[in-house]
Amino acid sequence: MRVGVITFPGTLDDRDAARAVVVGGAEAVSLWHGDADLKNVDAVILPGGFSYGDYLRCGAISRFAPVMQLVIDAANKGMPVLGICNGFQVLCESHLLPGALTRNADLHFLCRAQEIEITNNQTAWTSSFQQGEKVVIPLKNMEGAFQCDDQTLAMLEGEGRVIARYVGENPNGSRNLIAGITNAKGNVVGLMPHPEHAIDELTGPSAQGLGFFTSILNAMVK
Amino acid sequence: MAKIVVDVMLKPEILDPQGNAVASALPRLGFTFATSVRQGKRFEIEIDGEPTPAQLAEVEKAAEVLLSNPVIENYVVRVEK
């Protein structure tokens, strides 16, 4: 199975994401923002960082990158797509996911180990977890507060589309402690914290992030 | 040459931590007039000649698609004299 990892100008976490894909058991395929070809990948990861310098709004310019037009089409046809941190922001700007990510409520850049609860293990990227499982992975962002209108929030909650929630105090002002959401089909997932930095206890707060990368193999086997 | 200005503001219901930080900095400097501050973005777009209705419609479209995120922001397009 081939998992594409996109590099935009300003992306930071593409190497870690690619390594997590490999440790998870799939083949990592590098994709460039200017590519007009998805290189026959079965799934795509939009990694964290500061694509296009976060100019205008986080993810606002990346949305119009040539490779994103292909990703948007493929995602609408059911291809699994995971956006982490800046990737989550790109997915919201692309309207593949509802809502938006805004400045952390306390204005501080956050960088810490964060406990989250997996609240939907039925998606392409969360099936390796138990429902309600708690994992500790890094949270590092400036614009991490998930915002949407009341109607959208009610829809996300009513349809079980919140896939992960922060445990304990709200770190960034996200509505309903939302750390990650999915689309109606469950193939597109956006997640603010970083599972790709938690695949090895030597370098991360845990190895529990690996579940996101093994889940995608389950999705393909089905 | 004309200048078209697009002002983009967070919607009233969206928390604006930057505006709040400015609002709390003002009284520390002795400025006590503000009950609230909201921070936004301003785009100044120059075009040749006076804008036609069709050009203004294009700017409106660009404001909706690129310059603002309608999920969290409102925008206003005006021609500056």
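The values are calculated or read from the model by the stated rules, or taken from the named source; none is laboratory data. This structure is a prediction, so every number in the text was calculated from the model and none was measured. Don't worry about glycine lacking a Cβ; one is built from the backbone with ideal geometry, like all the others, and counts go over all protein chains shown. Just so you know, the surface numbers come from the protein's heavy atoms only, side chains and all, with ligands and any DNA or RNA stripped out. Shrake-Rupley method; radii C 1.70, N 1.55, O 1.52, S 1.80 Å.
Taking θ as phi - 60°, what are the ³J(HN,Hα) couplings along the range B:36-44 by the Karplus curve (6.51, -1.76, 1.60), each to the nearest whole Hz, with x for Gly and Pro?
Once rounded to whole Hz, the list reads 6, 10, 10, 10, x, 10, 10, 10, 10.
Please name whichever of A:Ile72, A:Ser62, A:Leu110 sits farthest to the positive end of the charge dipole of the range A:2-221, dipole taken about the Cα centre and charges placed at Cβ: Lys and Arg +1, Asp and Glu -1.
With unit charges placed on the Cβ atoms, the residue in question is A:Ile72.
Report Rg(Cα)/(2.2 N^0.38 Å) for the range A:2-221, keeping two decimals.
Numbers: Rg = 15.4 Å, N = 220, 2.2 N^0.38 = 17.1 Å.
Normalised Rg, Cα atoms only: 0.90.
Whenever you get a sec, compute what percent of the accessible area on chain A sits on carbon and sulfur atoms (1.4 Å probe).
The C+S portion of the solvent-accessible surface of chain A is 51 percent.
Can you give me the long-range amide H partners of A:Gln114? Hydrogens built in the peptide plane at 1.01 Å from N, cutoff under 5 Å, separation of 5 or more residues or another chain.
Residues meeting the criterion, in which the H sits 1.01 Å from N, are A:Ile137, A:Leu139.
Determine which aspartates and glutamates satisfy two conditions relative to A:Lys134: a Cα distance under 20 Å, and not lying fewer than 8 residues away in the same chain.
Result set, ordered by chain and number: A:Glu115, A:Glu117, A:Glu157, A:Glu169, A:Glu196, A:Asp200, A:Glu201.
Quick one: grab the alpha carbon gyration tensor of the range A:76-169, order the square roots of its eigenvalues as a ≥ b ≥ c, and give me rounded if a/c is under 1.5, else prolate or oblate depending on whether a/b is larger than b/c. Please report the intermediate quantities before stating the final value.
On the way: a/c = 1.42, a/b = 1.10, b/c = 1.29.
The shape class here is rounded.
In whole Hz and in residue order, list the ³J(HN,Hα) couplings for the range B:62-77 that follow from phi through the Karplus curve 6.51 cos²θ - 1.76 cosθ + 1.60, θ = phi - 60°; x for Gly and Pro.
Ordered by residue, 3J(HN,Hα) equals 4, 5, 6, 7, 10, 5, 10, 10, x, 5, 10, 10, 10, 9, 10, 9 Hz.
If you rank A:Tyr55, B:Tyr75 by how much accessible surface each has, with a 1.4 Å probe, what is the order from largest down? Mind showing how you got there, number by number?
Values: A:Tyr55 155, B:Tyr75 65 Å².
Heavy-atom accessible area, descending, gives A:Tyr55, B:Tyr75.
Between the range A:78-93 and the range B:26-75, how many Å separate their Cα centres?
So the two Cα centres are separated by 27 Å.
Probe radius 1.4 Å, ligands and nucleic acids left out: can you give me the accessible area buried at the A-B interface, summed over both chains, in Å² to the nearest hundred?
Numbers: alone 9240 and 5790 Å², together 13750 Å².
In total, this chain pair buries about 1300 Å².
Could you go through the range A:175-182 in sequence order and give the Karplus-derived ³J(HN,Hα) for each residue, using 6.51 cos²θ - 1.76 cosθ + 1.60 with θ = phi - 60°, rounded to whole Hz, and x for Gly and Pro?
With the stated coefficients, the range A:175-182 comes to 5, 6, 6, 6, 9, x, 9, 10 Hz.
Suppose all protein chains stay in the model; what accessible area per residue would a 1.4 Å probe give for the range A:44-200, in Å²?
Numbers: 5310 Å² over 157 residues.
Spelled out: the 1.4 Å probe surface of the range A:44-200, per residue, equals 34 Å².
Straight-line reach from A:Lys77: which lysines have a Cα under 25 Å away, not including same-chain ones fewer than 8 places off?
The qualifying lysines are A:Lys39, A:Lys185, A:Lys222.
Go ahead and estimate [θ] at 222 nm for chain A from helices alone: -39,500 (n - 2.57) per DSSP H run with n ≥ 4, summed, over the residue count, rounded to 500.
Working: 5 runs with 51 residues, N = 222.
Value at 222 nm, helices only, nearest 500: -7000 deg cm²/dmol.
Could you rank the peptides B:18-31, A:186-199 by their average count of other C-beta atoms within 10 Å per residue, with the highest value first? Present the calculation step by step, with values, prior to reporting the outcome.
Numbers: B:18-31: 12.3, A:186-199: 26.9.
Packing order, densest peptide first, comes out as A:186-199, B:18-31.
Amide H neighbours of A:Leu31 under 5 Å, at least 5 residues apart or on other chains, H built in the peptide plane: list them.
Amide H neighbours of A:Leu31, under 5 Å, 5+ apart: A:Val5, A:Ile6, A:Thr7.
Other chains near B:8-20: what is the mean number of their Cβ atoms within 10 Å of each residue's Cβ? Before the final figure, lay out the partial values.
Numbers: counts 2, 0, 3, 2, 0, 3, 6, 7, 2, 10, 3, 0, 3.
The mean count of partner-chain Cβ atoms within 10 Å per residue comes to 3.
Among all the lysines, which ones have a C-alpha under 23 Å from B:Lys81's C-alpha, if same-chain residues fewer than 8 places away are not counted?
B:Lys3, B:Lys41, B:Lys61
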